[in-house]
Amino acid sequence: MSMYRGRRLRMTQALRQFARETEPLLREDLVMPYFVVDTEDATYAKAIPSMPGQYQYSLPKLLEAIAKAYDMGLQAVLLFGIPKAKDPMAQEAYAEDGIVQKAVSAIKQRFSDLLVITDVCLCEYMSHGHCGILDAQGSVVNDATLPLLAKTAVSHVQAGSDMVAPSDMMDGRVRAIRDALDRANYTDVPICSYAVKYASAYYGPFRDAAQSAPACGDRKAYQMDPANGREALREAMADIDEGADLLIVKPAGPYADVLARVRDAVTVPVVAYQVSGEYTMIRAAGLNGWIDEERVMMESLLGLKRAGADRLITYFTETVLAQGLVR
Ligand code: PBG
Ligand code: ZN
């Protein structure tokens, strides 16, 4: 019997390409997250120190950034808002003239075929930074939070959002949002649920960027325990049952096992969110000259596709497009 020689299929570029299991990145794989600030200063573009290369933008500056990326092939964005004022009921989250609502309508006006996804959560708008309403003891109240999330989602869609992405991890929020959208006659607008979202330290830089760190305590009473894999399947199934059209797994790289299991368990599209901390670690090592940043970036994204991600939310989207690293 002749021996197995795995190297036979690695000998030439043509053979390697022929035997390849995962396709190269496509531009429609990528979703770029943006942070938009409610400010009168049209020129506002503040670098986020813990996320080199990422900015908080005023709406005019955001439109500029999107225009540039759009010309390079940008297909989809995920919007986060930073309001003028925060309060214990997150009123600017669902205000008609809230920053996300204003941004969505301006973006859709100018780039009508760009897919605009809006993150639905309250933490950026809450004075205390939690993703839901707090009771007198300081714990997040699930059911009383649902109507606010539903109102937020409807207001985003009214402004022109193509798809809402609830990231709060309250139980029953997908159903509450689906019902509210349907009642407002938005039966055709899909929900991309952050179904599997861990209580992760990898969100640290994002909380600087969105100014949404909880003032006290942490998110462990609503986001998932990083020790749990099977629980991800329960969360995924529950959200599908409630009406989610697509699912997000987040963070992505450290949870590639979870991504693979979720991919096997469901038939809806699965989106991996390579979060702020994952981005920042690669950037930091790259800026120090300790790794080949472009190759590590591409390997990190390929790894997520291999693990089963259908689409990727990544802060590297602009870079990948600018370097022409997609088909
Ligand atoms: C809001 C939200 C967070 C992220 C996305 N939506 C932060 C959090 O839950 O604390 C994290 C994204 C990232 O780290 O890039 N709930
Ligand atoms: Zn939140």
Go through (1) part of a loop (DSSP other than H, G, I, E, B); (2) at pLDDT 95 or above; (3) more than 13 Å from ligand 2 (Cβ to nearest atom) and name the single condition residue 202 misses. (1)
Does any residue of segment 177-190 turn out to be closer than 22 Å to residue 272 by Cβ, under 16 Å from the mean Cα position of the chain (by Cα), more than 15 Å from ligand 2 (Cβ to nearest atom) and not in a helix (DSSP H, G or I)? yes
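Every residue, every condition in (1) among the hydrophobic types (A, V, I, L, M, F, W, C); (2) surrounded by fewer than 15 Cβ atoms within 10 Å (Cβ to Cβ); (3) within 16 Å of ligand 1 (Cβ to nearest atom), yes or no:
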{"position": "166", "(1), (2), (3)": "no, no, yes"}
{"position": "170", "(1), (2), (3)": "yes, no, yes"}
{"position": "177", "(1), (2), (3)": "yes, no, yes"}
{"position": "190", "(1), (2), (3)": "no, no, no"}
Set 148, 79, 115: member being at negative phi, within 15 Å of ligand 2 (Cβ to nearest atom) and open to solvent by 10 Å² or more (accessible area, probe 1.4 Å): 148
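Of these, 210, 252, 265, which one is open to solvent by 10 Å² or more (accessible area, probe 1.4 Å) and either among the aliphatic types (A, V, I, L, M) or more than 13 Å from ligand 2 (Cβ to nearest atom) (or both)? Outline the logic, then answer.
Details: 210 fails: open to solvent by 10 Å² or more (accessible area, probe 1.4 Å); 252 fails: open to solvent by 10 Å² or more (accessible area, probe 1.4 Å).
Exactly one residue qualifies, and that residue is 265.
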Can you tell me which of (1) within 16 Å of ligand 1 (Cβ to nearest atom); (2) of a type in the set (A, V, I, L, M); (3) touching a helix residue (DSSP H, G or I) at 6+ places or on another chain (Cβ under 7 Å) is the one residue 271 doesn't meet? (3)
Please tell me if residue 136 is of a type in the set (Gly, Ala, Ser) and within 16 Å of ligand 2 (Cβ to nearest atom). no
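Going by the structure shown, is residue 196 closer than 19 Å to residue 269 by Cα, open to solvent by 10 Å² or more (accessible area, probe 1.4 Å) and touching a strand residue (DSSP E or B) at 6+ places or on another chain (Cβ under 7 Å)?
Details: closer than 19 Å to residue 269 by Cα: yes; open to solvent by 10 Å² or more (accessible area, probe 1.4 Å): no; touching a strand residue (DSSP E or B) at 6+ places or on another chain (Cβ under 7 Å): yes.
Spelling it out, it is not the case that residue 196 is closer than 19 Å to residue 269 by Cα, open to solvent by 10 Å² or more (accessible area, probe 1.4 Å) and touching a strand residue (DSSP E or B) at 6+ places or on another chain (Cβ under 7 Å).
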Given the conditions (1) farther than 19 Å from residue 198 by Cα; (2) touching a helix residue (DSSP H, G or I) at 6+ places or on another chain (Cβ under 9 Å); (3) within 15 Å of ligand 1 (Cβ to nearest atom), every one holds for residue 121 apart from (1)
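The values are calculated or read from the model by the stated rules, or taken from the named source; none is laboratory data. As the structure is a computational prediction, the values presented were derived from the model and not from experiment. Glycine also receives a Cβ, built like all others from the backbone with ideal geometry; neighbour counts cover every protein chain displayed. The protein model used for the area step is the full one, side chains on, heavy atoms only, and it has no ligands, DNA or RNA in it. Shrake-Rupley method; radii C 1.70, N 1.55, O 1.52, S 1.80 Å.
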